[in-house]
Amino acid sequence: MFTRLATHAWSGTVREPTSILIETGNSCNLRCPLCPTGIHGVKMPKAFLTVPKLAEILGKFRRLRSVELFMWGEPLLNPHLPELIAEVKRRGLEANVSSNFSLKMEEGYFARLVDSGLDRLVLSLDGATQATYAKYRVGGQLALALANLDCLLAARAKMGSRTPRIAWKFIVHKHNAHEVASAREMARDRGVEFLVAHINLNDYYADYEHPVPLASRQAEWLPEASGHRQVRYRAGTPRPKRQICPNLFQTAAVTTSGHVLPCSYLTRLDSHFGDLGSVEAFAEIWNGPRYRSARSLFVKAKKAEEKCATICERCPLYDRDFSPLGAMLTFNVHLPRRQTAE
């Protein structure tokens, strides 16, 4: 990151990222109350990523090492997910997926998932009982998700595979904090990793405003114990982060249509920085005028350039107008964890 900042400050360009997110489809089977997808707030055309489109997208990148095949939607809803993963693996890249796993899948599906070469699967399971789990995962069935997990573990064992590596992700909120220990034990019994995350109130979007007032979301979802809250919520009010946005320098998000977003927190297609279908290589977008203008909000390039307006100017999460020296001295990257597979 330090090298990328210095390179931008000197030349106005940055090396391509080695890891990106690609949306497999912006639909979901659940109605999680803080998620823009769950409450129909994502304003992008509904579509599933196809294998030919994925191949076209990946062909525009030069330095990739890993791909996260998820963003706003539930990946398992895409009927071609195993083939999408296989396409990523065919190129020698790491493939990761995050899912709520609460879907009825056809017999043999989990063997296909193992056979695809999937490296890591993160499951969003925020409870040890149905009543607690369904408080946030509205429409989900914990028993079904656990049955799917057990089927996947059985298929992995039968096929003698060490992958996918599986993690049970538990996002702590006001209604489920008392079940963390029980869920951890359930994960341990299955031999899967257990991750604890703190809930976001989703108050940091540049192109979306949640319909429920922030104070109401705080009262409804923040755990009583401050230790179960993100630091930014422990004082009772979100605090601005005086640091540089890492997304503009380290990663990118790509929609099913091949449009590049500067981060995965954007919900509208018109927030994009370019269309991969209209360029020969991703580098044309990555070091194009929109990215350079957005980066200049944080790190001034040595060579002055004409700016163009970007969605990043409206971002409430990061401070802007750093000098190159100040940016390097205050370098402290922190990327808030999204509630993936909401």
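Quick notes on this one:
- Candidate set: segment 237-258, residues that are in contact with a helix residue (DSSP H, G or I) (Cβ under 6 Å, 6 or more places away or on another chain) and open to solvent by 30 Å² or more (accessible area, probe 1.4 Å); chosen: the one modelled with the highest pLDDT: R239
- Filter result for T129 (in contact with a Lys or Arg (Cβ under 8 Å, 6 or more places away or on another chain) and among the β-branched types (V, I, T)): no
- Checking every residue in segment 71-88 against the condition of being at pLDDT below 95, of a type outside the set (D, E, K, R) and over 26 Å from L214 (Cβ atoms) gives zero matches.
- Some residue of segment 195-208 being out of contact with any helix residue (DSSP H, G or I) (no Cβ under 9 Å at 6 or more places or on another chain), farther than 30 Å from A309 by Cα, aliphatic (A, V, I, L, M) and free of Cβ contacts under 8 Å to residues at least 40 places away in the same chain: no
- Pairs are defined by a Cβ separation below 6 Å, a sequence spacing of at least 6 or placement on different chains, a first member in segment 219-231 that is more than 17 Å from N202 (Cβ to Cβ), and a second member that is open to solvent by 50 Å² or more (accessible area, probe 1.4 Å); the pairs so defined are S226/R234.
- Any hit, segment 42-57, residues being open to solvent by less than 40 Å² (accessible area, probe 1.4 Å), under 18 Å from T24 (Cβ atoms), at pLDDT below 95 and not basic (K, R): yes
- Selection within segment 172-214: residues that are in a helix (DSSP H, G or I) and hydrophobic (A, V, I, L, M, F, W, C). The member of this set that is modelled with the lowest pLDDT is L214.
- Just one of the listed residues (R234, R217) is at pLDDT 95 or above, surrounded by 14 or more Cβ atoms within 10 Å (Cβ to Cβ) and among the basic types (K, R), namely R217.
The values are calculated or read from the model by the stated rules, or taken from the named source; none is laboratory data. Just so you know, these numbers come straight off a predicted model, no measurement behind them. Here Cβ is always computed from backbone atoms with ideal geometry, including for glycine, and neighbour counts include all displayed protein chains. Heavy atoms of the whole protein, side chains included, go into the accessibility calculation; ligands, DNA and RNA do not. Shrake-Rupley method; radii C 1.70, N 1.55, O 1.52, S 1.80 Å.
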